[in-house]
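Worksheet: one structure, shown below.
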């Protein structure tokens, strides 16, 4: 693993789900880091400039050289600035997630999820799970009584979440685990009718996103629960759970209008893993 004396520059697009992957990369490799947020109002232009190999200071970035060893970023709004700064500073350029629409060859390394079907290229590292490193906040404490966590997402372009199916799933959980503490949390995509359904159950701990969006107890669920139930629509939550917990993971299936999507491929991968995922064999391929 790398040394904390090695420092990288992280570019953020302001989306927690993106920048947290870059931060996880740094922490998993024991690297120090600085973060700069990019406000990209020229996204379409970045694809064109990249296509013609033109790299200019499009975002008026003024970065002091602090002996960074790499520029690291996640998300399409950051990839052009990543390439520009890496070239200017003379350091490595590392993209997390497959940078579709940009030329892959300019990146020194690309960390892509295998469920996105990345091409086989020397600089592309395909991993079964997205980068994640949980940090429990203490919202839920570990007890001697066994506990289970339920993480509810919502409908998206692939899945439809209906109340009947969620009710059947919850009823089965309460029946099969009568002596477990039961924790639940929802997401910004959880439909109002599902939130209404949850009111008819008695949970030992619950955070409903529409009522309280400031608390995210998922990292605490990962370290306190023996069983985790997660709806199939959230690739990030499934990855985070398997990457940070040895709990048994149960996937709550939803009605799907397509088959063999990245969601289904990741679900099958998760089902095949019985213990916490080890990133080391993949991240050790990147030296700074």
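Can you compute the helix-only [θ] at 222 nm over the chain? Use -39500 (n - 2.57) per DSSP H run of at least 4 residues, normalise by all residues, nearest 500 deg cm²/dmol.
After summing the helix terms and dividing by residue count, I get -8500 deg cm²/dmol.
Hey, rough spin-label estimate for residue 204 and residue 145, points 7 angstrom out along Cα→Cβ, what's it come to in nanometres?
Roughly 0.5 nm, to one decimal.
Is the shape of region 7-128 best called rounded, prolate or oblate, per the rule: a/c under 1.5 gives rounded, else a/b larger than b/c gives prolate, else oblate, with a ≥ b ≥ c the square roots of the Cα gyration tensor eigenvalues?
Taking the square roots of the gyration eigenvalues as a ≥ b ≥ c, region 7-128 is rounded.
Among rounded, prolate and oblate, which fits region 220-286 when a ≥ b ≥ c are the square roots of the eigenvalues of its C-alpha gyration tensor, a/c under 1.5 means rounded, and a/b larger than b/c means prolate? If you can, show how the numbers build up before the last one.
Values: a/c = 2.37, a/b = 1.24, b/c = 1.91.
Taking the square roots of the gyration eigenvalues as a ≥ b ≥ c, region 220-286 is oblate.
Build a GNM of the chain with springs between Cα atoms under 10 Å: which of 114, 130, 169 gets the top mean-square fluctuation?
Maximum among the listed residues: 169.
Between residue 272 and residue 62, what is the FRET efficiency for a Förster distance of 45 Å, r being their Cβ-Cβ separation, to the nearest 0.05?
Working: r = 47 Å, r/R0 = 1.05.
Efficiency, from the Cβ-Cβ distance: 0.45.
Taking the chain as a Gaussian network, Cα atoms linked when under 10 Å apart, which of 235, 190, 214 shows the biggest mean-square fluctuation?
Among 235, 190, 214, the largest mean-square fluctuation in the Gaussian network model of the chain belongs to 214.
Which shape class applies to region 147-272: rounded if a/c is under 1.5, otherwise prolate when a/b exceeds b/c and oblate if not, where a ≥ b ≥ c are the square roots of the Cα gyration tensor eigenvalues?
Rounded shape, in that the Cα axes give a/c under 1.5.
With the contact rule set at Cα under 8 Å and sequence spacing of 6 or more, what percent relative contact order holds for region 147-272?
Values: 188 pairs, mean separation 40.7, N = 126.
Computed over region 147-272, the figure is 32 percent.
Go ahead and set up a Gaussian network model of the chain, Cα springs under 10 Å, then flag whichever of 252, 54, 36 fluctuates most.
54
Take each of the peptides 69-75, 131-137, average the number of other beta-carbon atoms within 10 Å over its residues, and list them starting from the highest. Kindly include the intermediate steps, with their values, before the conclusion.
On the way: 69-75: 27.0, 131-137: 17.7.
Highest-to-lowest ranking by the protection proxy: 69-75, 131-137.
Starting from the Cα-Cα distance between residue 215 and residue 135, subtract it from 0.36 nm times their residue separation and give me the gain in nm to one decimal.
Fully extending the segment from residue 215 to residue 135 adds 27.5 nm.
Can you tell me the 0 to 90 degree angle between the C-alpha axis of helix 163-176 and the longest principal axis of the chain, rounded to 10?
Roughly 70 degrees between the two axes.
At a 10 angstrom cut-off on C-beta neighbours, averaged per residue, how do the peptides 7-15, 43-51, 59-67 rank from highest to lowest?
Highest-to-lowest ranking by the protection proxy: 7-15, 43-51, 59-67.
Rounded to the nearest 10 degrees, what's the angle between the helix 235-244 long axis and the longest principal axis of the chain, both from Cα atoms, 0 to 90?
90 degrees
Going by how many other beta carbons lie within 10 Å of each one, how would you line up 193, 209, 80, 68, fewest first?
Taking fewest neighbouring Cβ atoms as first place, the list is 193, 209, 68, 80.
Tell me the relative contact order for region 7-128 as a rounded percent, counting alpha carbon contacts under 8 Å between residues six or more apart.
Relative contact order, region 7-128: 23 percent.
Can you give the relative contact order of the chain as a percent, counting alpha carbon pairs under 8 Å and 6+ residues apart?
RCO, the chain: 16 percent.
Every number here is computed from the coordinates shown, using simple stated rules; none is lab data. What you are looking at is a predicted structure, and each value in this text was computed from that prediction instead of being measured. Backbone-built Cβ (ideal geometry, glycine too); neighbour counts: all protein chains shown.
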